[in-house]
Ligand code: TMP
């Protein structure tokens with residue numbers, strides 16, 4: 001398994017990605033508790049959200065009963081990201097902390113780029129603009145068939161979860177395409193397994209990445 005190379009910033013950014021219902025948030029919560037217990041300086045953020053401004057954008061983009069144009073939606077996610085980067089992620093990485101992000105810019109590429117079929121080059125450009133060029137050191141992609149993911153979702157669908165099945169098929173394929181392009185950064189986790197089995201794989205992957213980063 002090719003392992004990611006550590007970026008120059010003192011901290012470490014690990015992102016958790018996948019389609020709705022893939023189990024990434026449970027795994028991110030458990031990884032946060034595990035690293036904190038080990039005594040690491042670790043912080044857990046979610047996208048869109050975490051800061052008051054980004055949480056307000058989250059409510060707008062996920063709970064609005066009005067339709068939102070696809071380009072407007074793209075900018076809302078990037079706006080939430082820019083605010084979270086400036087106020088939390090960038091300073092934490094510069095202080096040398098470990099930041100766990102429940103979704104990051106790969107979600108924009110997968111949902112707005114592949115799902116909404118927006119221009120991928122433009123989406124990538126805006127991702128870079130919103131993050132100031134920061135990239136995850138390691139990304140865990142929780143992959144599973146759509147049928148299982150849909151069964152696992154909460155009862156009340158949000159605005160995105162109301163999209164048709166074909167949309168989520170494109171999003172899943174999008175995530176898989178991103179992972180194929182960046183095998184050093186992105187590790188695909190088989191998310192069909194039990195939560196415990198998935199979490200053990202998450203721990204092994206993070207441990208292996210930490211060992212490698214200390215060596216290089
Ligand atoms: P969550 O429920 O996993 O927190 O994700 C929020 C929803 O927003 C989920 O349906 C995925 C979607 N999303 C995008 O479409 N683009 C993005 O850039 C992000 C971060 C999330």
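Any read-out appearing in this document is the output of simple, stated calculations on the displayed coordinates, not a laboratory observation. Computed from a prediction, not measured in an experiment: that's the story for all the values here. Note: ideal-geometry Cβ built from the backbone for every residue, glycine included; neighbour counts use all protein chains shown.
Which of the three applies to segment 36-152, rounded, prolate or oblate, going by the alpha-carbon gyration tensor with a ≥ b ≥ c and a/c under 1.5 meaning rounded? Let's see the in-between values first.
Values: a/c = 1.58, a/b = 1.33, b/c = 1.19.
Since a/c reaches 1.5 and a/b is larger than b/c, the shape of segment 36-152 is classed as prolate.
Which of the peptides 198-204, 108-114, 167-173 is most tightly packed, and how do the rest follow, judged by the mean count of other Cβ atoms within 10 Å per residue?
Top to bottom by mean Cβ count within 10 Å: 108-114, 167-173, 198-204.
Rounded, prolate or oblate: which fits segment 120-216 when a ≥ b ≥ c are the square roots of the eigenvalues of the alpha-carbon gyration tensor, with rounded for a/c under 1.5 and prolate only if a/b beats b/c?
Values: a/c = 2.25, a/b = 1.20, b/c = 1.87.
Here segment 120-216 falls in the oblate category.
If we sort 13-25, 184-196 on the protection proxy, mean other Cβ atoms within 10 Å, highest first, what's the order? All intermediate terms of the calculation are to be shown ahead of the outcome.
Values: 13-25: 24.0, 184-196: 16.4.
Final packing ranking: 13-25, 184-196.
Restricting the calculation to Cα positions, tell me the Rg (one decimal) and the Dmax (whole number) of the chain in Å.
That works out to 16.4, 51 Å for Rg and Dmax.
Suppose the chain between residue 162 and residue 64 were pulled fully straight at 0.36 nm per residue; how much longer would it get relative to their current alpha carbon spacing?
Numbers: separation 98, 0.36 × 98 = 35.28 nm, distance 1.21 nm.
In short, 34.1 nm is gained.
Run lengths n ≥ 4 of DSSP H only: what is the helix-derived mean residue ellipticity at 222 nm for the chain, with -39500 (n - 2.57) per run over all residues, to the nearest 500? Before the final figure, lay out the partial values.
Numbers: 9 runs with 107 residues, N = 216.
Taken over the chain, the calculation gives -15500 deg cm²/dmol.
Provide the FRET efficiency to the nearest 0.05 for the residue 150-residue 203 pair, computing r from the beta carbons and using R0 = 25 Å.
The computed FRET efficiency comes out at 0.35.
Work out how much length residue 181 to residue 75 would gain on full extension: take 0.36 nm times their residue separation and subtract the Cα-Cα distance, in nm to one decimal.
Working it through step by step, the gained length comes to 35.7 nm.
Could you tell me the distance between the Cα centroids of segment 14-45 and segment 178-197, to the nearest Å?
14
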